[in-house]
Amino acid sequence: MPTTRLTVIDDDPAALDTLWEALEPEPDLALPRIRAVMISTVDGSTTVDGRSGGLGTPTDRLVYDAMRARADLVMVGSATALAEGYGPARIAEAWADRRPGPPPVVLVFTRSLPDRLIEHCAPLGDALQVVAAHGVPGDRLEVARRQGVTVHVLDPGPLRAAVRSLATHFGASEVAFEGGPELLGTFLREGAIDELVLSVAPQLVVGGDRTPLASGPGTSSVPMRVAAAFTCPHGGLYARWVVDGAAG
Ligand SMILES: NC(=O)c1ccc[n+]([C@@H]2O[C@H](COP(=O)([O-])OP(=O)(O)OC[C@H]3O[C@@H](n4cnc5c(N)ncnc54)[C@H](OP(=O)(O)O)[C@@H]3O)[C@@H](O)[C@H]2O)c1
């Protein structure tokens, strides 16, 4: 009977090359490429009892750091930025020699531009900038800008075009989209994600309070194909999925 054996990424320095290559985007994706990087349990939950901490393996950390090291821009939802205490992006030592130039700017997406978000971003300077949905009231934009927060407003119309136009404004070829589930659901529904790099943590959770990988109103199906996959001694499964129609 045929068996499928996945490449194992271990502590051997040569394995870093394998991992880096596995995360190489499909060559025929149009620029800018927007690639999500997420982790879930085997049953597809991104948080267990409200937290995503504890799911990651050292290999997942390498994957996450590599996606940042490849990126010209990071995009993230405001709930994740606040819950995870986002600060300026840094390039991890493991990938520093492959990354020329400064770390990517982090763009935090919001629909309401709450005071909490403004207070979080204000002390961090331009390493963390805010992207407001089209239609956020002008007085909210003013409050944020008065406190020194750089705020971009998305163009009206389809989200995919607006997000690409924003990335192009930054001269970005590659964007690491870091969730969370609500914003990922929105981006997927709007066709704004090209690839999903998904770490499946080596655990399945039975019961409990969980959040799916992508959430939001209604139900949509997004067909994908796996383009690269590997495992690690800790037992997780890591795959780069390409959204149908994004490449070629
Ligand atoms: N396992 C993983 O890989 C992973 C990854 C990331 C996060 N997480 C976890 O997920 C949780 C947070 O995720 P979440 O799904 O609740 O929230 P989220 O996706 O991080 O952020 C949702 C927020 O994004 C903003 N937003 C939504 N649609 C938008 C649009 N069209 N344009 C502009 N802004 C928009 C809104 O911000 P405002 O409320 O400011 O209007 C909305 O409340 C945290 O517990 C985090 O730890 C897990």
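The values are calculated or read from the model by the stated rules, or taken from the named source; none is laboratory data. Every value quoted in this text rests on a predicted model; they were computed, and no experiment measured them. Neighbour counts run over all protein chains shown; Cβ positions are idealised from the backbone, glycine included.
Give all pairs with beta carbons closer than 9 Å in which a residue from region 94-121 that is under 25 Å from residue 69 (Cα atoms) and without any contact (Cβ under 8 Å) to a residue 24 or more places away in the chain meets a residue that is more than 12 Å from the ligand (Cβ to nearest atom) and not aliphatic (A, V, I, L, M); count only pairs at least 6 apart in sequence or on separate chains.
Close Cβ pairs (under 9 Å, with a partner that is more than 12 Å from the ligand (Cβ to nearest atom) and not aliphatic (A, V, I, L, M)) amount to 101/72.
Please go through (1) in contact (Cβ under 8 Å) with a residue 12 or more places away in the chain; (2) surrounded by fewer than 15 Cβ atoms within 10 Å (Cβ to Cβ); (3) over 24 Å from residue 30 (Cβ atoms) for residue 80 and return the number of the only condition it doesn't satisfy.
Single failed check for residue 80: (2).
With 182, 178, 174 as the choices, which residue is within 12 Å of the ligand (Cβ to nearest atom), under 19 Å from residue 71 (Cα atoms) and of a type in the set (D, E, K, R)?
On inspection, the qualifying residue turns out to be 178.
Can you go through 67, 38 and tell me which one is at pLDDT 95 or above, in a strand (DSSP E or B) and within 14 Å of the chain's Cα centre (by Cα)?
That would be 38, the only listed residue that is at pLDDT 95 or above, in a strand (DSSP E or B) and within 14 Å of the chain's Cα centre (by Cα).
Just a yes or no: is a residue in region 107-130 surrounded by fewer than 20 Cβ atoms within 10 Å (Cβ to Cβ), at pLDDT 95 or above, within 23 Å of residue 214 (Cα to Cα) and polar (S, T, N, Q)?
Yes, that holds for at least one residue.
For region 37-64, which residues satisfy the criterion of being closer than 23 Å to residue 10 by Cβ and surrounded by fewer than 18 Cβ atoms within 10 Å (Cβ to Cβ)?
42, 54, 56, 58, 61
Check 172, 167 and return the single one that is over 27 Å from residue 139 (Cα atoms), crowded, with 17+ Cβ neighbours inside 10 Å and touching a strand residue (DSSP E or B) at 6+ places or on another chain (Cβ under 6 Å). Reasoning before the result, please.
Working: 167 fails: over 27 Å from residue 139 (Cα atoms).
Sole residue among the options that is over 27 Å from residue 139 (Cα atoms), crowded, with 17+ Cβ neighbours inside 10 Å and touching a strand residue (DSSP E or B) at 6+ places or on another chain (Cβ under 6 Å): 172.
Out of (1) of a type outside the set (A, V, I, L, M, F, W, C); (2) part of a helix (DSSP H, G or I); (3) at pLDDT 95 or above, what's the single condition that is false for residue 26?
(2)
Can you say whether residue 199 is crowded, with 23+ Cβ neighbours inside 10 Å and either over 21 Å from residue 60 (Cβ atoms) or not hydrophobic (A, V, I, L, M, F, W, C) (or both), as far as the supplied structure shows? Reasoning before the result, please.
Numbers: crowded, with 23+ Cβ neighbours inside 10 Å: yes; either over 21 Å from residue 60 (Cβ atoms) or not hydrophobic (A, V, I, L, M, F, W, C) (or both): yes.
Here the answer is yes, as residue 199 does meet what is asked.
Kindly list the number of the only condition in (1) touching a residue at least 12 places away in the same chain (Cβ under 8 Å); (2) within 20 Å of the chain's Cα centre (by Cα); (3) assigned to a loop (DSSP other than H, G, I, E, B) that fails for residue 53.
Unmet for residue 53, out of (1) touching a residue at least 12 places away in the same chain (Cβ under 8 Å); (2) within 20 Å of the chain's Cα centre (by Cα); (3) assigned to a loop (DSSP other than H, G, I, E, B): (1).
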